[in-house]
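K.L.:
Quick one: this structure, given as structure tokens, is what I'll be asking you about.
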Amino acid sequence: MLLKDKVSVITGGAQGIGRAIAELFHKEGAKVCVCDVDEEKLKEVEKEGMKGYKLDVRKLEEVEKVFNEIVKDFDGIDVLVNNAGITRDNLIIRMSEEEWDLVIDINLKGVFNCSKVASKIMMKKRSGVIINISSIIGQIGNPGQVNYSASKAGVIGITKTLAKELAGRNIRVNAIAPGFIKTRMTDVLPEDVKNRMLENIPLKRFGEPSDVAELVLFLASDKSSYITGQVIRVDGGMVI
Amino acid sequence: MTEQSIEERVKKVICDQLGVESSQVTPDAHFVNDLGADSLDQVELVMAFEEEFGLEISDEEAQKLDTVGKVIEYIKARTGES
Ligand SMILES: NC(=O)c1ccc[n+]([C@@H]2O[C@H](COP(=O)([O-])OP(=O)(O)OC[C@H]3O[C@@H](n4cnc5c(N)ncnc54)[C@H](O)[C@@H]3O)[C@@H](O)[C@H]2O)c1
């Protein structure tokens with residue numbers, strides 16, 4: 001087991017990619033704490049033997065409260081996976097201020113909030129791992145996703161800065177940039193858009209949440225102990 | 001609580017946090033120049049003092065606390081002990 005007894009916090013872990021990460025970590029022996037706004041899905045997570053915490057990553061105070069609770073329950077936090085994220089797509093001329101703010105608040109500020117609180121906890125222990133789920137869209141852009149691409153590029157900035165700030169405390173920080181992964185986030189896209197995307201994927205299939213989870217596992221484990229500050233794509237070759 | 005104990009508690013926090021010998025932790029020892037603290041160490045030290053003495057130290061105040069003696073004076077003043 002690669003993560004035996006590692007206390008692992010996964011935001012947005014109630015479904016999709018986060019859920020796949022949570023379940024794989026659970027299998028690998030981690031003490032999994034899933035933080036999400038979806039209370040119904042959190043109940044399912046608890047039935048599988050993981051711990052669920054209701055948390056909106058937008059609110060720093062709430063993050064402080066929940067992470068302190070986790071420290072009380074499990075004595076520390078070893079791994080933080082910043083995975084909670086949403087899309088609110090629109091062309092810039094049609095995009096509302098609310099759509100911009102909401103995506104930035106969850107995808108970018110959420111990562112700041114959780115990393116801030118967790119790094120304080122990890123610094124005391126002089127060890128820890130933070131993994132941020134960015135997106136290839138943060139690297140290459142995409143029409144209709146000005147808010148999302150800005151948030152995901154911002155996450156890469158956070159990753160590189162924190163890798164430098166926290167390396168002296170033995171805390172590694174890396175980002176993953178998935179391509180097209182089959183979740184409810186991508187389910188909503190029209191068929192013709194999906195087909196066009198498929199043409200641009202050399203491996204000729206969409207990714208599964210488990211494809212991302214396996215990389216998160218590697219980056220969370222000691223097998224990657226010399227890797228920090230990197231952005232690693234898992235996209236079937238979409239961006240080469 | 002006696003004066004001695006605040007000094008001792010401050011010194012202990014510093015020794016634990018920076019991994020220095022207590023003999024180095026003299027009142028005029030400077031955290032950066034004499035005790036080798038980097039910027040993260042300084043933030044952590046302030047956090048450790050806050051925890052040890054149950055107070056909140058603002059960033060502005062923290063920046064002025066650059067020697068062992070200043071910290072001891074500051075904490076005495078804040079906890080109302082001389
Ligand atoms: N699906 C893809 O193709 C793809 C590609 C690249 C990156 N990503 C990124 O992967 C991450 C997971 O996406 P997914 O596809 O699994 O989406 P999803 O919608 O299936 O899951 C997202 C989870 O985040 C939770 N969440 C939403 N807002 C939250 C908040 N404020 N606080 C806490 N939790 C919140 C949701 O309840 C949900 O459980 C996101 O950051 C997304 O941007 C996805």
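K.L.:
With angles folded into 0 to 90 degrees, how steeply does helix A:209-220 sit against the dominant principal axis of chain A? Use alpha carbons for both and round to 10.
P.N.:
So the inclination is approximately 40 degrees.
K.L.:
Taking a ≥ b ≥ c as the square roots of the Cα gyration tensor eigenvalues, with a/c under 1.5 meaning rounded and otherwise prolate when a/b beats b/c, else oblate, which class fits the protein assembly as shown?
P.N.:
Prolate, because a/c is 1.5 or more and a/b exceeds b/c.
K.L.:
Follow-up. Using unit Cβ charges (K, R positive; D, E negative) and no other charged atoms, how large, in debye to the nearest 20, is the dipole of the stretch A:96-140 about its Cα centre? Please list the in-between numbers first.
P.N.:
Numbers: 6 positive and 5 negative charges, 155 e Å.
The calculation lands at about 740 debye.
K.L.:
Which entries in A:54/A:152; A:59/B:70; A:31/A:194; B:11/B:64; A:164/B:70; A:116/A:152 show an alpha-carbon gap greater than 26 Å?
P.N.:
Beyond 26 Å: A:59/B:70; A:31/A:194; A:164/B:70.
K.L.:
Which value in deg cm²/dmol, rounded to the nearest 500, describes the helix-derived mean residue ellipticity at 222 nm for chain A, given -39,500 (n - 2.57) per DSSP H run of n ≥ 4 and division by the residue count?
P.N.:
One gets -13500 deg cm²/dmol as the mean residue ellipticity at 222 nm.
K.L.:
For helix A:60-74, report the angle its Cα long axis makes with the longest principal axis of the Cα atoms of chain A; keep it between 0 and 90° and round to the nearest 10°.
P.N.:
Helix A:60-74 sits roughly 50 degrees off the main axis of chain A.
K.L.:
Report, by chain and number, residues whose modeled amide H sits under 5 Å from the one on residue B:32, excluding near sequence neighbours (fewer than 5 apart, same chain).
P.N.:
Sorted by chain and number, the residues that satisfy this are B:37.
K.L.:
For the stretch A:24-130, what is the convex hull volume of the alpha-carbon atoms per residue, in Å³? Please list the in-between numbers first.
P.N.:
Working: hull volume 12.4 nm³, N = 107.
Expressed per residue, the convex hull around the Cα atoms of the stretch A:24-130 is 116 Å³.
K.L.:
HN-Hα J couplings of the stretch A:175-189 from phi, Karplus 6.51/-1.76/1.60, θ = phi - 60°, integer Hz, Gly and Pro as x?
P.N.:
Once rounded to whole Hz, the list reads 10, 10, 10, x, x, 8, 10, 6, 9, 5, 5, 9, 4, 6, 6.
K.L.:
Would you please give the residues with an amide H less than 5 Å from that of residue A:55, counting only those at least 5 places away or on a separate chain, with H modeled from the backbone geometry?
P.N.:
A:36, A:37
K.L.:
Lys and Arg at +1, Asp and Glu at -1: add these up for the other residues within a Cβ distance under 14 Å of residue A:163 and post the number.
P.N.:
+3
K.L.:
Extending each Cα 7 Å along its Cβ direction at residue A:98 and residue B:60, get the distance between those two points in nm, one decimal.
P.N.:
Placing both labels 7 Å along Cα→Cβ, they lie 3.8 nm apart.
K.L.:
What accessible area per residue, rounded to a whole number of Å², is obtained for the stretch B:3-81 using a probe radius of 1.4 Å? If you can, show how the numbers build up before the last one.
P.N.:
Values: 4400 Å² over 79 residues.
I get 56 Å² per residue for this part.
K.L.:
Continuing with this model, one more query. Against the longest alpha carbon principal axis of chain A, how many degrees, from 0 to 90 and to the nearest 10, is the axis of helix A:110-125 turned?
P.N.:
Result, in degrees: 30.
K.L.:
Separate question: Counting Lys and Arg as +1 and Asp and Glu as -1, what is the net charge of the other residues whose Cβ lies under 14 Å from the Cβ of residue A:134?
P.N.:
After counting each charged neighbour, the total is +2.
K.L.:
Over all distinct Cα pairs, what is the inverse of the mean 1/r for chain B, reported as the Kirkwood hydrodynamic radius in Å?
P.N.:
About 12.5 Å for chain B.
The values are calculated or read from the model by the stated rules, or taken from the named source; none is laboratory data. Please read these numbers as outputs of a predicted model, since none were measured by experiment. Counting neighbours? That spans all protein chains shown, and the Cβs are built from the backbone with ideal geometry, glycine included. Only protein heavy atoms, including side chains, enter the accessible area calculation; ligands, DNA and RNA are left aside. Shrake-Rupley method; radii C 1.70, N 1.55, O 1.52, S 1.80 Å.
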